[in-house]
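Presented below is the structure to which this report refers.
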Amino acid sequence: MAYEVKGVVARSKGAPVTIETILVPDPGPGEAVVDVQACGVCHTDLHYREGGINDEFPFLLGHEAAGVVSAIGEGVTNVAVGDYVILNWRAVCGQCRACAKGKPWYCFDTHNAAQKMTLADGTELSPALGIGAFAEKTLVHSGQCTKVDPAAPPTAAGLLGCGVMAGIGAAINTGGVGRGDTVAVFGCGGVGDAAIAGSRLAGAAKIIAVDIDDRKLEWAKGMGATHTVNSKDADPVEAIKALTDGFGVDVAIDAVGHPAVYRQAFDARDLAGTVVLVGVPNPTMTIELPLIEVFGRGGALKSSWYGDCLPSRDFPMLIDLYLQGRLDLDAFVSETIGLDDVEAAFEKMHHGDVLRSVVVF
Ligand SMILES: NC(=O)c1ccc[n+]([C@@H]2O[C@H](COP(=O)([O-])OP(=O)(O)OC[C@H]3O[C@@H](n4cnc5c(N)ncnc54)[C@H](O)[C@@H]3O)[C@@H](O)[C@H]2O)c1
Ligand SMILES: [Zn+2]
Ligand SMILES: [Zn+2]
């Protein structure tokens, strides 16, 4: 028997989201149904609504969530009913060529639920990132559930399900930020600020926050930025060089996903430094780079899917750091809202008024 719940649906490109009745099937083999307790509004949800990810409308949005497992299907052993979990959108398969090489964070065959959630009329929904958690209940693959310490409130824990994990991981896992490094983070939204917090955790000596909005730069200081640059007022490459004895940074992170910003990150890194692209570009964007610089500057140009995280390894560890007071996840939560407020939250995100709006149930 399917569950009937409310969910936030994007029906067509650019159209405001609507609250719809959705049908969530009983979990099949390997699947779990989760009662969602909190789900953050990530820029990727807006990318979906704008048609920037793909055309598989209607989307059930929401993917940055924590909740409690309410039902499991046949053969599920990693979680039980009643477990408090963070949902992840890269449940690794353990068998593909990336997993076989011992690099499961690159898994090329991640798992999602096999069954579909639908609208009341039977129309199949595409859940954002295989999750769809702006809903009272959602159906996922059991591997998308990672059990964590229930002492962490869902508003904080859910953030690790996407943006905050992506940012922390972009710095620590992909960028390899270590003690004494210099780092520049372009774009100080939820993802960029998490890259800043992650750089601080890793012991970076200088963390330069770049944004076009002074409010974001103020918040970035609270996350651990040692310097800030408003790239509307000043050339960020020059400013970063001036702050690093003329050399540039060891790790430059683009948390916007825009060719002009990527170029700034490319130009702002030191010799043998690393550029990390964690912001998501849209399919029309292209970039041209002087190949001699790509070669001559050495180092690495990397992309970061989900901060190259392994949920089973990283979520419980980061929740422990949160509970010890070493990672302030609460600082990312600008407001808690209801399901009806997601469209307004997109507006606020678009205008830079919030770091994270989090839907609570
Ligand atoms: N790689 C991943 O796994 C992953 C995961 C989650 C989100 N993302 C992506 O990361 C990006 C950021 O997400 P978010 O939720 O932090 O978004 P956000 O909208 O909260 O933050 C974006 C920030 O970039 C700033 N910005 C915009 N244009 C700029 C420019 N030209 N120069 C400098 N700063 C600029 C904005 O002022 C804002 O502070 C999005 O593209 C999102 O889709 C990627
Ligand atoms: Zn795999
Ligand atoms: Zn996200």
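The length gained on full extension between residue 12 and residue 360, counted as 0.36 nm times the residue separation minus their Cα-Cα distance, comes to 122.8 nm. Considering only 43, 351, 227, the mean-square fluctuation computed in a Gaussian network model of the chain, springs between alpha carbons under 10 angstrom, is largest for 351.
Restricting to bridges with both residues inside the chain, how much of the DSSP beta-bridge set is antiparallel, in percent to the nearest 5? Walk me through the numbers on the way to the answer.
Values: 36 of 63 bridges.
Counting only bridges with both partners in the chain, antiparallel ones make up about 55 percent.
For the stretch 1-144, take N as its residue count and report Rg(C-alpha) divided by 2.2 N^0.38 Å. Display every interim value, and only then the final one.
Details: Rg = 14.8 Å, N = 144, 2.2 N^0.38 = 14.5 Å.
After normalising by residue count via 2.2 N^0.38 Å, the value is 1.02.
The ranking of 53, 208 from fewest to most other beta carbons within 10 Å of each one's beta carbon is 53, 208.
As a rough footprinting exposure proxy, the listed residues 284, 228, 44, 138 were ranked by other beta carbons within 10 Å of their own, and the order from fewest upward is 284, 228, 44, 138.
To the nearest ten degrees, helix 190-202 and the longest principal axis of the Cα atoms of the chain are 60 degrees apart. Largest first and in whole Å, the equivalent-ellipsoid semi-axes of the stretch 93-251 read 36, 20, 15, each the square root of five times a Cα gyration tensor eigenvalue.
Looking at the chain, which longest stretch skips every one of the GluC sites (Glu not before Pro) that is in a DSSP loop with at most 16 other Cβ atoms within 10 Å, leaving the sites themselves out?
So the longest stretch without any such site is 75-287.
On full extension, the segment bounded by residue 321 and residue 214 gains 35.6 nm, given 0.36 nm per residue less the C-alpha separation. Among the listed pairs 101/216; 6/103; 241/302; 147/206; 101/137; 137/216, those whose Cα-Cα separation exceeds 29 Å are 101/216; 6/103; 147/206; 101/137; 137/216. Using C-alpha pairs below 8 Å separated by at least 6 residues, the relative contact order for the chain is 17 percent.
Taking all Cα-Cα distances within the chain, those exceeding 25 Å account for 51%. Close amide H pairs (under 5 Å, H built 1.01 Å from N) link residue 337 with 358, 359, 360, residues at least 5 positions away or on another chain.
Here is the list for the stretch 208-300: trypsin sites (Lys or Arg not before Pro) lying in DSSP coil, each with at most 16 other C-beta atoms within 10 angstrom of its C-beta, are 232. Stretched out straight at 0.36 nm per residue, the stretch from residue 21 to residue 109 would grow longer than its current Cα-Cα span by 28.6 nm. Angle, helix 214-223 long axis vs. longest principal axis of the chain, Cα atoms, 0 to 90°, nearest 10? For helix 214-223, the angle is close to 80 degrees.
Sort 223, 349 so that the residue with the fewest other Cβ atoms within 10 Å of its own Cβ comes first and the one with the most comes last.
Values: 223 24, 349 21.
Ranked by crowding around the Cβ, least crowded first: 349, 223.
On alpha-carbon atoms, Rg over Rh for the stretch 206-355 using Kirkwood Rh? Don't jump to the answer; show the numbers that get you there.
Values: Rg = 17.3 Å, Rh = 17.4 Å.
Rounded to two decimals, Rg over Rh is 0.99.
Per DSSP H run of at least 4 residues, take -39500 (n - 2.57); add these up for the chain, divide by its residues and hand me the 222 nm value, nearest 500 deg cm²/dmol. Before the final figure, lay out each step's value.
Numbers: 11 runs with 90 residues, N = 361.
One gets -7000 deg cm²/dmol as the mean residue ellipticity at 222 nm.
We did not get these values from a lab; they are worked out from the coordinates using the rules stated. The model shown is predicted, which means the values in this text are computed figures rather than measured ones. In this analysis, Cβ positions are derived from the backbone assuming ideal geometry, glycine residues included, and neighbour counts consider all displayed protein chains.
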